[in-house]
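Input: a single structure, listed below in structure tokens.
The values are calculated or read from the model by the stated rules, or taken from the named source; none is laboratory data. Since the structure is predicted, the reported quantities are computational estimates derived from the model, not experimental observations. Here the Cβ positions follow ideal geometry from the backbone for every residue, glycine too, while neighbour counts run over all protein chains shown.
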Amino acid sequence: MNDPNKNKLVYSTPKKWDYKLSDLLAVNGIRFITGLLLLIMMFVLGKIFIEGSGSLSWSFLTEFPTNNMTEGGIGPAIFGTVTVLVLMILMAVPIGVCAAIFINEYAGNTLWTRIILLSVNNLAGVPSIVFGLFGLGFFILFIGQKLDEVLQTGLLFGQPAMLWASATLAVLVLPTIIVSTTEALKSVPFSQRAAAYGMGATKWQTIRDIVLPQARPGILTGIILAISRGAGETAPVLFLGCAFFLPDLPIGYINMGLFSIPMINPTEQFMYLSYHIFILATQSTNPMLTKPIQYSTTLVLIILIVALNLTAVIFRYKFRRIIDEIRGVSS
Amino acid sequence: MKEVKVKVQNLNVFFNYVQALNNVSIELYTNKITSIVGPSGCGKTTFLRTINRMNDLILGFRKTGEVILDGVEIYDHNIDVVNLRRLVGMVFQNSNLFPKTVFENITFGPKLHGIKDKEKLGEIVENVCTRAAIWNEVKDRLNDNALSFSAGQQQRMCIARVLAVEPDVILLDEPASALDPSSTAKIEDLILDLKENYTVIIVTHNMQQAARISDYTAFFYLGQLVEYEKTTKIFTNPTNKQTEDYITGRFG
């Protein structure tokens with residue numbers, strides 16, 4: 001009855017040293033591994049930044065490589081990358097977004113839609129080299145050659161070119177776009193659709209005026225992630241018209257009387273940033289001499305991808321805010 | 001002078017294999033307020049959503065029996081659902097305004113149905129907002145985001161938005177259940193005003209509310225219509241024992 005601890009709250013757990021030790025080990029182990037990971041990342045990025053920023057300049061970004069790649073810039077590789085990615089987006093976004101709208105809004109939750117979604121998700125896991133071979137076989141050897149036969153264009157489409165590289169990359173990023181669009185559409189609350197239907201909107205009017213505008217930031221996030229994925233790929237473009245070195249930009253001139261208008265020619269070959277890094281490091285006559293350029297090219301590619309991903313993060317934040325706003329009021 | 005607006009006969013509603021409404025027959029009268037009461041899960045909302053075919057959107061919905069609006073069976077295959085939902089407007093339990101401006105929210109319906117003239121749209125906004133007793137609060141803020149208003153204001157905007165598509169019948173699904181007493185009072189006044197031009201059907205959990213505003217009251221229990229009478233009768237002298245127990249608060 002006179003136990004002084006009787007009415008006190010006892011905070012300490014029963015003396016179990018092994019329990020405390022495992023706790024300690026777990027927490028510090030996780031800390032250590034996280035720190036190690038950050039350290040490695042910082043080392044890699046830091047080295048690239050330090051070594052690469054030296055030769056980074058405006059002329060480096062715009063000039064052609066000269067003197068067996070040991071001097072000059074990476075202008076055509078940046079030009080090629082941007083052009084291919086723009087063409088890729090032009091092909092992938094309409095197909096991907098329409099497919100997602102169909103799957104999510106029209107097809108319903110049937111066995112077929114589940115099989116389609118499963119295939120889409122599997123497509124995301126296929127190694128990119130397989131996409132490259134697919135592009136070579138399907139786009140160039142099948143579609144391209146058939147086009148040449150039908151249009152009597154000799155050998156115009158049936159060879160590796162920008163057009164087919166973008167088409168292949170478009171197939172590669174389709175899963176990213178479809179999945180993120182589907183998620184964005186799903187997260188628009190049913191009450192919003194109900195409101196539109198309740199006022200006599202048709203299904204398409206509801207999708208066009210209510211669902212798509214609210215899902216737009218989410219869809220844009222997917223598109224930007226798709227671009228950064230496409231920018232980082234090397235294997236698919238390898239088969240599809242990515243050139244070691246080109247003396248000219250892939251630009252054709254359309255003659256209209258006195259004027260000749262420069263246009264990007266999608267049937268030409270191109271240079272690509274990620275592939276350029278590969279050839280600088282392994283295929284050039286003197287890899288040691290190209291080292292500063294390798295680092296700078298890598299830095300440019302990394303900055304490009306980080307910038308794109310940051311944009312995606314901002315869009316996602318905006319998207320969350322819109323959805324939270326609706327939910328916050330209606331729940 | 002009771003004119004039947006909506007006539008429901010032997011209505012059974014199923015969701016997959018669960019029966020939500022069991023042999024409901026009821027006549028709802030023009031320019032009257034009918035309130036539908038009953039414990040949660042008794043099929044009140046399902047009944048409401050059957051009248052503007054909102055249930056069609058739910059997978060596994062099936063029904064037998066007839067729902068007749070102005071002498072026309074609304075589940076006939078040649079009925080335009082879109083047009084039906086325009087004639088039978090619905091206000092939901094939680095305000096579901098779009099994340100757009102007040103003006104865009106209220107003109108959403110009229111725009112869908114082809115009104116593009118900016119001046120005309122402005123007139124509609126002023127007109128319906130006045131009728132929904134919200135004009136004084138929104139007239140200087142028409143270009144503000146509708147979601148920045150208070151919950152009570154938002155719910156009145158929802159009603160204004162429904163009025164803008166010029167319906168005949170207005171379905172209200174617990175429109176005041178998420179609101180404070182003063183906002184509720186405003187909504188109730190507004191509903192009483194609506195009676196003159198519209199047929200109003202309101203689902204409510206609030207017995208006093210049903211007693212205050214409605215002309216007729218229907219009591220649903222376990223998917224069945226137990227009693228349907230004049231509100232004064234049902235609240236003073238109900239025929240059915242279950243109704244009496246429910247409205248006096250002994251169960252439910």
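Summary of computed values
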read-out: Failed item, numbered, when B:Gly249 is tested on (1) of a type outside the set (A, V, I, L, M); (2) modelled with pLDDT of 85 or more; (3) outside any helix (DSSP H, G or I); value: (2)
read-out: Residues located in the range A:184-203, provided they are of a type in the set (A, V, I, L, M), facing another protein chain (nearest Cβ under 7 Å) and not in a helix (DSSP H, G or I); value: A:Met199, A:Ala201
read-out: Among the residues listed as B:Ile213, B:Ile134, the single one being surrounded by fewer than 24 Cβ atoms within 10 Å (Cβ to Cβ) and more than 14 Å from chain A (Cβ to nearest Cβ); value: B:Ile213
read-out: Check on A:Tyr317, farther than 25 Å from A:Leu240 by Cα and not polar (S, T, N, Q); value: yes
read-out: Tally of residues being of a type in the set (Ser, Thr, Tyr) and either in a loop (DSSP other than H, G, I, E, B) or surrounded by fewer than 17 Cβ atoms within 10 Å (Cβ to Cβ) (or both) across the range B:216-237; value: 2
read-out: Criterion (within 13 Å of the chain's Cα centre (by Cα) and of a type in the set (Lys, Arg)) met by exactly one of B:Lys195, B:Lys186; value: B:Lys195
read-out: A:Ala235 among the hydrophobic types (A, V, I, L, M, F, W, C), over 28 Å from B:Glu104 (Cα atoms), buried (at least 21 other Cβ atoms within 10 Å of the Cβ) and away from chain B (no Cβ under 14 Å); value: no
read-out: Answer from A:Ser284, A:Ser260, A:Ser228 - the residue that is closer than 27 Å to A:Lys47 by Cα, more than 14 Å from chain B (Cβ to nearest Cβ), out of contact with any helix residue (DSSP H, G or I) (no Cβ under 6 Å at 6 or more places or on another chain) and of a type in the set (S, T, N, Q); value: A:Ser284
read-out: Single residue of A:Thr181, A:Thr206 found to be of a type outside the set (Lys, Arg), away from chain B (no Cβ under 14 Å) and either crowded, with 23+ Cβ neighbours inside 10 Å or free of Cβ contacts under 8 Å to residues at least 24 places away in the same chain (or both); value: A:Thr181
read-out: Which listed residue is assigned to a loop (DSSP other than H, G, I, E, B) and within 14 Å of chain A (Cβ to nearest Cβ), from B:Leu179, B:Leu172; value: B:Leu179
read-out: Residues that are surrounded by fewer than 21 Cβ atoms within 10 Å (Cβ to Cβ), under 24 Å from B:Ile68 (Cβ atoms) and either facing chain A (nearest Cβ under 9 Å) or not acidic (Asp, Glu) (or both), drawn from the range B:142-168; value: none
read-out: All positions within the range A:37-85 that are assigned to a helix (DSSP H, G or I), of a type in the set (A, V, I, L, M, F, W, C) and in contact (Cβ under 8 Å) with a residue 12 or more places away in the chain; value: A:Leu45, A:Ile48, A:Phe49, A:Phe60, A:Leu61, A:Ala77, A:Ile78, A:Phe79, A:Val84, A:Leu85
read-out: Helices (runs of 4 or more DSSP H) fully within the range B:16-116 counting 2 or more residues that are charged (D, E, K, R) and within 14 Å of chain A (Cβ to nearest Cβ); value: B:81-87, B:102-112
read-out: Residues located in the range B:117-148, provided they are part of a loop (DSSP other than H, G, I, E, B) and touching a residue at least 40 places away in the same chain (Cβ under 8 Å); value: B:Ala132, B:Ala133, B:Leu142, B:Asn143, B:Asp144
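Residues are listed down the side, and each one gets a yes or a no for (1) among the hydrophobic types (A, V, I, L, M, F, W, C); (2) farther than 27 Å from A:Phe131 by Cα; (3) part of a loop (DSSP other than H, G, I, E, B); (4) touching a Cys at 6+ places or on another chain (Cβ under 7 Å):
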position: A:Thr221; (1), (2), (3), (4): no, no, no, no
position: A:Ser228; (1), (2), (3), (4): no, no, no, no
position: A:Glu268; (1), (2), (3), (4): no, no, yes, no
position: A:Tyr275; (1), (2), (3), (4): no, no, no, yes
position: A:Ile293; (1), (2), (3), (4): yes, yes, no, no
position: A:Val306; (1), (2), (3), (4): yes, no, no, no
position: A:Lys318; (1), (2), (3), (4): no, yes, no, no
position: A:Asp324; (1), (2), (3), (4): no, yes, no, no
